[in-house]
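Working notes for the structure below.
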Amino acid sequence: MKPPRASPSSPALTLERIAWLVAALLVIILPHALRQPPWVITVFLALAGWRILGFTGRLPLPDAQHPPLALLKQALGLLIFVVVYLGNDRTLGRDAGVSLLIMLLGLKVLEMQRVREYYLVAMLGYFLVITHFFYSQTLLLACYLLGGVMLLTASLIGFQDARRALPALGRLSLASRLMANALPLMVLMFFLFPRAAGPLWSLPKDAHAGLSGLSEEMSPGLISQLGLNDNPAFRVEFKGPAPAPSELYWRGPVLARSNGQTWSRGVTGDLAPPPIQGHGARYEYTITLEPHNQRWLFVLEQPSALPAGSRLTRDLRVLVPNPVVQRLRYTAQSYLRSVVTDFNPREIAEALELPRGFHPRAIELARQWRGQSQAPIDVVRRALEYFRSEPFYYTLTPPLLQGDSVDEFLFDTRRGFCEHYAAAFTILMRAAGIPARVVTGYQGGEYNAIGGYLIVRQRDAHAWSEVWLGDRGWVRVDPTAAVAPNRIERGIDQVLPEPILDMPFELHNVAVRQVLKQFHDVWDTVNNRWNQWVLGYNARRQTELMSQFGFEPNLGNLALTFVIATSALAFCTALWLLRRQTRPDPARAAYDRFCAKLARRGVRRARHEGPQDYARRAAVARPRQAGSILRISDLYMQARYAGDQRALRNLQQAVRSFRA
Amino acid sequence: MRALADFWARMPGSPATDAAVEPLTLDRRHVYIFPNRAGRLYALMLGVVLLGAINYNNSLGYGFTFLYASLYVVALLHTYRNLVGLRYGGGRCAPIFAGDIASFSLSLDNRGGPPRYAVALKPAPDAQRWYTEDEQAALTSVDVPADDTTAVRIDISAARRGWLPLNRVEIQTRFPLGLFTAWSYWRPPLRVLVYPRPAGPLALPASGAESDSEEGGRQPGTDDFAGFRDYRLGDSPRHIAWKALAREQGLHVKRFAGGRTDEVILRLADAALLPDLEQRLSQLCKWVLMAEAAGLSYGLELPGKSIPAGQGTAHREQCLRALALFGQP
């Protein structure tokens, strides 16, 4: 049997070089720690740490000199594979891929012995940077990862800097200089590279997981705290003045069916749309929608002109063919006062359905009101009056409802948020024989004076009701407004408890709040630009941009423009980088002029000749100028090697007046 | 176009690599650059992330892919710049004996240039080939500060006596990122004289017939003071008239009369016992060193060349040189 060949690690893989690489990888991996199970990062740290500790000599490394450890290492690699595969429901999608990559990187750091492997790890590090963007594409993350790329590049520079001439700071500064040189070319490529419209192959199922927003179901009472956050849902730019905040109802999913606990979409909702008659002012606006992985778009009630590529449904939702997984920008028009009177018996029947065996007390109350009222509108008023006069409270942290959610809310707890009120109101209406349904979406928004747009956040999510009033058609009724008018008129901030505003509780000072608000506005404006110009830059915007410059935006033109423009810029970068870098030392320049003058008289300075030798030889050859020749070389040596400024001036003068 | 053709003609592995004249300044036309294995790995990574960005239509994915691509271009330019404009600033090498290592000292002239890092010089191998990353990392390299000159040493082993020219020198660098290798060649006008290897089993031939046995243990050639003469390069410091020097009368050497009797003439025929010429020359070389060390006055007689007896460093060099170049043009 052949003894195992001992293959010691290349001497080029020093502790310093590996430590740089591991530090860069750590910086790059860190944001994944928020999303990956903690053991993934731990495994990486342990494996990389093992390699680093191996340098101290206290810990044996799993190389050919320690066969059992080498075997352990291979078993570990296999184990990582199996655990990730089983831990991710036997699929290797986005999350599993990243887990594997991180841990196998750790393993590679541990076992690398050749310079080639060092480079392989570095290349995988560059690759790992890109994986973050499948999760998040914020400006902050991009800046952070630029730092990671710089660190990784600096570790490559450190690897090449064989004699360690550059200190750590010098490496980082050279890395950032390289990246700064690369920046113009990168920007040009970003805008001109022909963008494809669709994916090249199918994406893993979890590719767009984790996008938040409204869902198509609503279960008031089952959740005790609304998942409120400050994430933007969409931003709106109005062409012309914006409507009053209380008019800003952004329509989303419409829920017409209830099983007593959960509300969901009705079956008649997807029928052909009814005619809409608009009255009064018409608003035109452009919405930049954050991806929510759903098919609906949000528009102001009620739409009159739809965004391109979308369609309207019977219950006035705006749908696009595919879920929105990229930030989407669209323009729509709406009338705030509009009438939908088109009667559809199936739709009305569905809007009267009550879940069997639920809400007996509510139904009884509603029937009682119906008996005492003349017209449906009276019942509506009666119900709103009920919410207003009885001790109902608007709260974002209502108690859980154990039994019949509507009855318990209406008669016992009387605490809830928009979903509770909308659901209870709709049930009351149906019980009174008035067709009604729940509409969800967003209400209000916050005006950003700096960017000149309205930002609607997830915490602006809202639910309200619509009732069918015969000749007046579908009419919006917002029962929450009866309980908490501030919520509708002045926005959710007025009713939110303090912590949700993201402000330390000491900050009651109005001026400080003003400043903070200003700061938030600036930050959001920057983000909005980022979204529109960086993240929202796609095939369509590229086409628009090309058309603006007068190009026919077809693929051939795009490709040609890309090749020509990037080559030209690369050429300019080359010219700039290869330009004469340093001006010769002024003392040297003067001395060279002196030598040239002598050379014209045949006294040429030899390459190997120092200034003193040359002066001696020249003085012999031109004895009449001997004095000035010796003086000039003295001055030159003082100016050049002693850094004497006065000698430099004298030298320049002496050379000027020197006649060989 | 010509530059491009030139470039391909000098690609490693190309038959046309022994180009006629390589200038001693690395101008743009004579610096070649190509992605090495790490650079090709980088290109592969670039392709993968570009496909990913296209497939997921991921804006930041695109952004960073293009950052990497631009960084690739910039790395190429920086590597190229690390070499372009460097000049050969002269060099030298002291004579050595065959079997030793000749250490050429070359001066890299970077006046007016940017700082250059990790520039490696080595004698160009006869057969062109790529160095692996590990071999590359093991090469000694120098940093050349901006607007300055730096000396670098190139070692080649000298197997045979005679003139040993420093043929082609390959200058190359991978700095800063190691993704590209830029290289060029110099053919510096440098050669080193290689003396025969001092070796041989034979004893130093006896001194001339008139050798006086009475001299016994006394230092030969130092017995009777016979006056002064001017100092010549190679004279033994023991014979310098230090007192005269102290009186500022110049550098003189004391002459002694006794040396004449201890003369030994080394002839090629004395080593005729040895089978071939090279071994005889080696033997003569060893004798020269022995005679010099013993302080004898020695001369050399080779067919077509004879050096009268003498001693001192200069005389020794003269003899060794004659041995090194014996029978060579």
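Bear in mind these aren't lab numbers, they're just calculated from the coordinates by the rules spelled out. Computed from a prediction, not measured in an experiment: that's the story for all the values here. Please note: Cβ atoms are built from the backbone with ideal geometry, for glycine as well, and neighbour counts cover all protein chains shown.
Observations on the structure shown:
- Relative contact order, percent, chain A [alpha-carbon distance under 8 Å, six or more residues apart]: 12 percent
- The simple spin-label model puts a point 7 Å past each Cα toward its Cβ; for A:LEU92 and B:ASN167 those points are separated by 5.0 nm.
- In terms of surrounding Cβ atoms within a 10 Å radius of their Cβ, A:ARG472, A:ARG600 rank from fewest to most as A:ARG600, A:ARG472.
- The equivalent ellipsoid of the protein assembly as shown has semi-axes of 91, 32, 24 Å, largest first, where each one is the square root of 5 times an eigenvalue of the Cα gyration tensor.
- Per-pair calculated FRET efficiency, R0 = 25 Å: A:ILE377 and A:ASN344 via Cβ, rounded to 0.05: 0.75
- Size of electric dipole in the protein assembly as shown: Cβ of Lys, Arg +1 and of Asp, Glu -1, about Cα centre, debye, nearest 20: 3740 debye
- Cβ-Cβ FRET estimate between A:TYR641 and A:LEU139, R0 fixed at 56 Å, reported to 0.05: 0.65
- Residue-span extension gain [A:GLN653 to A:ASN231] - 0.36 nm each, minus C-alpha spacing: 144.9 nm
- Restricting attention to chain A, lysine pairs at least eight places apart or on different chains and with alpha-carbon atoms under 29 angstrom apart total 5.
- Note that region A:564-571 has calculated 3J(HN,Hα) couplings of 5, 5, 5, 5, 4, 5, 4, 5 Hz, one per residue in order, obtained from phi through the Karplus relation 6.51 cos²θ - 1.76 cosθ + 1.60 (θ = phi - 60°); glycine and proline are x.
- Nitroxide proxy distance, nm - points 7 Å out along Cα→Cβ at B:ASP27 and A:SER567: 2.5 nm
- Near the amide H of A:VAL439, within less than 5 Å, lie the amide hydrogens of A:LEU255, A:TRP464, A:SER465, A:GLU466, all on another chain or at least 5 residues away, with H placed in the peptide plane.
- A Förster radius of 41 Å, combined with the Cβ-Cβ distance separating A:LEU45 from B:ASP155, puts the computed FRET efficiency at roughly 0.40.
- The residues packed around B:ARG321, meaning those with a beta-carbon under 11 Å from its beta-carbon, carry a net charge of +2 if Lys and Arg are +1 and Asp and Glu are -1.
- Arranged from fewest to most other beta-carbon atoms within 10 Å of their beta carbon, A:HIS420, A:HIS132 become A:HIS132, A:HIS420.
- Region A:24-77 and region A:266-311: distance between their alpha carbon centers, rounded to Å: 54 Å
- Dimensions (Å) - region A:586-657, Cα atoms, principal axes, largest first: 30, 25, 17
- Added length on full extension, which subtracts the Cα-Cα distance from 0.36 nm per residue, A:ALA244 to A:VAL512: 93.9 nm
- Mean residue ellipticity (222 nm) of chain A, computed from DSSP H runs ≥ 4 via -39,500 (n - 2.57), nearest 500: -15000 deg cm²/dmol
- Cα gyration tensor shape of region A:15-160, rounded if a/c is under 1.5, else prolate or oblate by comparing a/b with b/c: oblate
- Each label was represented as a point 7 Å from its Cα along the Cα-to-Cβ direction; for A:LEU79 and A:VAL267 these points are 5.6 nm apart.
- Region A:171-191 residues near the modelled B:ALA43 label - backbone nitrogen below 13 Å, point 7 Å along Cα→Cβ: none
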